Amino acid sequence: MDDPNAESERLDTIRSVMPGRWDLDALRAGAMVCVTLAVPFRVLAAVVGSDSGGLNGLFFVIFLFFFVVGAGCAAWVQRTGTPLSHAVVTAAATFLVVEVVFVVVRLARGTEVPWFGIFFTFSVVLLCGIIGGFLGNRLQMRGVVPSSRR
């Protein structure tokens, strides 16, 4: 069985190197995964539109899946002992930044902004962040480490 003091000593070592609550490198890595992998499917869904039948829904599910992956990445690589908060903050902040860009484009074009859809999607993205946080934490607990720490 694992020694509870060993985990405390590990976190104390991390805190001596990283005195803050947030591991900015982990947040950046998770956000880059979300932007690189999820946002193209958001753009495809916007281009295809809602008249395409199930294709728009498929792009939405893929978009959400990659938010789980990005949030899980942030949770997995963080070194402060707070995987869930890193995952949720990564998912939420990335979604909000990307969605602000889409809203500005819609307002500039004079098209309608679906506020309810944005808030609904935001709540689902938060759930994706929680799921990614649990998955990233599970990887850490199993001893799987990023290649940069080997």
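General observations
- Reported count of residues in the range 97-122, each being surrounded by 14 or more Cβ atoms within 10 Å (Cβ to Cβ) and within 14 Å of V39 (Cβ to Cβ), is 4.
- Unmet criterion (only one of (1) among the β-branched types (V, I, T); (2) surrounded by fewer than 19 Cβ atoms within 10 Å (Cβ to Cβ); (3) assigned to a helix (DSSP H, G or I)) for T80: (3)
- Checking each residue in the range 101-150 for being part of a loop (DSSP other than H, G, I, E, B), within 16 Å of R79 (Cβ to Cβ) and not β-branched (V, I, T) picks out G143, P146, R150.
All of the numbers you see were taken from the coordinates with simple rules; none came from a lab. Since this is a predicted model, take the numbers as computed values, not measurements. We place every Cβ from the backbone using ideal geometry, glycine too, and count neighbours over all the protein chains shown.
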